[in-house]
Structure formats: C-alpha cells, structure tokens
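The values are calculated or read from the model by the stated rules, or taken from the named source; none is laboratory data. Everything quoted here is computed from the prediction, not taken from an experiment. Quick reminder, even Gly has a Cβ in these numbers, built from the backbone with ideal geometry, and neighbours come from all protein chains shown.
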Amino acid sequence: MSIESGPEGEKHKELEKPPTLNIFSDYATTIAALRELEGDSWLAEEEFSSNEHSLGRAYNAVLNGDPERSFYGKGGVHRFFIDDNGLVYYSKMHGSTNVDQAKKLGLNIS
C-alpha cells in the first residue's frame, strides 16, 4: 500500500505493523503463532492443561485475577506471559534465539 505525501506528491510505502496478539480477542491467531514458535506437540500438551506453568493455567489465571500468568515454552522455560488485557508477551531473556520470529508473528516482546 502506498500513500502520497510531501510537496512533490512522492509515493512512500506505508509500513505495516504486525498485529499485536491478544488471546482473548483473537484466540485462533494467537494459538497459531504459539504453535509456529513452539511446535504441535508442545501445543497439544499446553493448550488445555491446568498444570502449573501451562498455557491453559495461565489463561485461566488471567480470567480469575491470579497474578501468576507466565507459561513455559518448549523445554520448560518461562518464555511467555499474558497481561490483564490478554496481550501475550515473549521473553527475549528466556527465548533470545526466536525474538525476531516472535515479533513477526505479532507477539509483544518483553
């Protein structure tokens, strides 16, 4: 997409920002991004689990006002966090090798 700007009417490409993933307003896209980063087997274990440090437990923690909203990525590292509004964050400290991919998929980086 391009827009006209400037006195000469020059065409400039408008930068498109990837969507910010929100597990409440766009569950399917958020889950697809997590699957892309962590894999199908990780998601199968984590999505509906109530085990400590699982995606399912973190999701329910936000709904119930529990402050513990982090969940493990592949390999058992606290790679993700869900805030009060449902935004999903990727920890660059705990998953530094996939930060660029996480950004492209629309995850917030902390």
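Of the residues Ser50, Ser41, Ser5, which is surrounded by fewer than 16 Cβ atoms within 10 Å (Cβ to Cβ), at pLDDT 85 or above and of a type in the set (Ser, Thr, Tyr)?
That would be Ser41, the only listed residue that is surrounded by fewer than 16 Cβ atoms within 10 Å (Cβ to Cβ), at pLDDT 85 or above and of a type in the set (Ser, Thr, Tyr).
Condition first: closer than 16 Å to Leu107 by Cβ and not in a helix (DSSP H, G or I). Can you find one or more residues in region 57-68 that meet it?
No - not one qualifying residue is present in region 57-68.
Answer with yes or no whether Glu52 is of a type outside the set (Gly, Ala, Ser) and without any contact (Cβ under 8 Å) to a residue 24 or more places away in the chain.
Judged against the criteria, Glu52 is a match.
Only one of Thr97, Thr30 is touching a residue at least 40 places away in the same chain (Cβ under 8 Å), not hydrophobic (A, V, I, L, M, F, W, C) and not in a loop (DSSP other than H, G, I, E, B). Can you tell me which?
Working: Thr97 fails: touching a residue at least 40 places away in the same chain (Cβ under 8 Å).
Unique residue meeting the criteria: Thr30.
So, of the residues in region 21-36 that are among the hydrophobic types (A, V, I, L, M, F, W, C) and modelled with pLDDT of 90 or more, which turns out to be surrounded by the fewest Cβ atoms within 10 Å (Cβ to Cβ)?
This residue is Ala28.
Of the numbered conditions (1) of a type outside the set (Asp, Glu); (2) surrounded by fewer than 21 Cβ atoms within 10 Å (Cβ to Cβ); (3) touching a residue at least 40 places away in the same chain (Cβ under 8 Å); (4) touching a helix residue (DSSP H, G or I) at 6+ places or on another chain (Cβ under 7 Å), Lys92 fails exactly one; give the number of that condition.
For Lys92, the exception is condition (3).
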